[in-house]
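One structure below.
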Amino acid sequence: MPRKYIDLTLPYNNTISGFTWEHAKTLEKDGWNARTLHIYSHAGTHMDAPLHFGVNDKTIDNVPLSACNVKAWVVKITDIAPSALIEVAHLGEELIEEIVPGDGIVFHTAWVKKIGTAEYRDQLPRISKSLAKWLVSKKVSLIGVEPPSVADVNNLEEVTLIHQILLEGNVHIVEGLTNLDLLPTKKIDFWAVPLKIEGGDGAPCRAFALIDDNQ
């Protein structure tokens with residue numbers, strides 16, 4: 001059956017906090033165009049490594065490629081309020097009953113519409129402690145979210161706890177997704193491949209989905 005690619009990666013531009021660039025070479029002066037990029041390791045669409053919150057010494061370059069591709073459920077909760085907690089009940093009965101070890105979950109909150117505003121970072125919907133523990137208990141292999149974090153970045157205790165629960169439980173974390181409105185609300189073939197940065201605590205990644213052409 002024919003399949004199509006859905007790009008789930010934010011473009012790096014002036015709306016992305018932690019990203020800037022400058023001309024390194026120009027066609028007119030040097031004979032070719034080139035830029036020097038300055039990228040915070042957790043800017044834009046990115047994957048976290050366990051080193052990020054000191055869970056262990058596993059770095060982003062040690063994430064196996066096999067972990068970058070999962071069958072992921074798409075959970076649509078676009079009516080969620082700012083700063084709200086995402087709970088197990090938001091997943092729906094079908095997912096709760098049918099999820100199997102190794103599955104991923106992508107949370108479609110439409111939060112990407114807030115990008116470029118303070119609300120995008122400061123009032124993001126976030127993964128609750130009970131949901132984080134449930135994800136680990138079900139051996140979920142990866143979760144993807146639209147906001148820049150899975151937890152409140154202005155609350156060090158919360159953001160540390162949620163990341164540590166997930167990363168200690170071998171749940172890979174992909175943050176800063178976009179275009180989730182183009183996905184069917186069912187299982188998809190999800191990819192997120194981070195840059196291979198030696199010793200990295202995280203890295204920008206190219207995230208995309210492969211879906212059947214008739215979906």
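N69 meets each of the listed conditions (1) more than 13 Å from F107 (Cβ to Cβ); (2) in contact with a strand residue (DSSP E or B) (Cβ under 6 Å, 6 or more places away or on another chain); (3) surrounded by 20 or more Cβ atoms within 10 Å (Cβ to Cβ) apart from (3). Residues in the stretch 1-30 that are outside any loop (DSSP other than H, G, I, E, B) and of a type in the set (S, T, Y): 3 in all.
Would you say A89 is more than 21 Å from L167 (Cβ to Cβ) and more than 19 Å from the chain's Cα centre (by Cα)? So A89 passes the test.
Residue count for the stretch 92-116, restricted to those that are crowded, with 23+ Cβ neighbours inside 10 Å and over 18 Å from the mean Cα position of the chain (by Cα): 0. For the stretch 175-204, filtering for residues that are in contact with a His (Cβ under 8 Å, 6 or more places away or on another chain) and either without any contact (Cβ under 8 Å) to a residue 40 or more places away in the chain or among the charged types (D, E, K, R) (or both) leaves 3.
Condition (residue is in contact with a Pro (Cβ under 9 Å, 6 or more places away or on another chain) and of a type in the set (A, V, I, L, M, F, W, C)) applied to the stretch 88-99: is it met by at least one residue? Looking through the stretch 88-99, none of the residues is in contact with a Pro (Cβ under 9 Å, 6 or more places away or on another chain) and of a type in the set (A, V, I, L, M, F, W, C). Looking only at residues in the stretch 24-42 that are surrounded by fewer than 20 Cβ atoms within 10 Å (Cβ to Cβ) and touching a residue at least 40 places away in the same chain (Cβ under 8 Å), the one that is farthest from the chain's Cα centre (by Cα) is I39. Scanning the stretch 68-110 for residues that are of a type in the set (G, A, S) and at pLDDT below 95 turns up just one, G92.
Taking the criterion of being β-branched (V, I, T), within 18 Å of R121 (Cβ to Cβ) and buried (at least 17 other Cβ atoms within 10 Å of the Cβ), the only residue of the stretch 1-23 that qualifies is I16. So which residues in the stretch 97-116 are hydrophobic (A, V, I, L, M, F, W, C) and either part of a strand (DSSP E or B) or touching an Asp or Glu at 6+ places or on another chain (Cβ under 8 Å) (or both)? Matches in the stretch 97-116: I105, V106, F107, A110, W111, V112. Among the residues of the stretch 81-91, count how many are of a type in the set (A, V, I, L, M) and either crowded, with 18+ Cβ neighbours inside 10 Å or on the phi > 0 side of the Ramachandran plot (or both). Qualifying residue count for the region: 2.
The values are calculated or read from the model by the stated rules, or taken from the named source; none is laboratory data. Quick caveat, the model's predicted, so the values are computed rather than measured. So basically every Cβ, Gly included, is an ideal-geometry build from the backbone, and we count neighbours across all protein chains shown.
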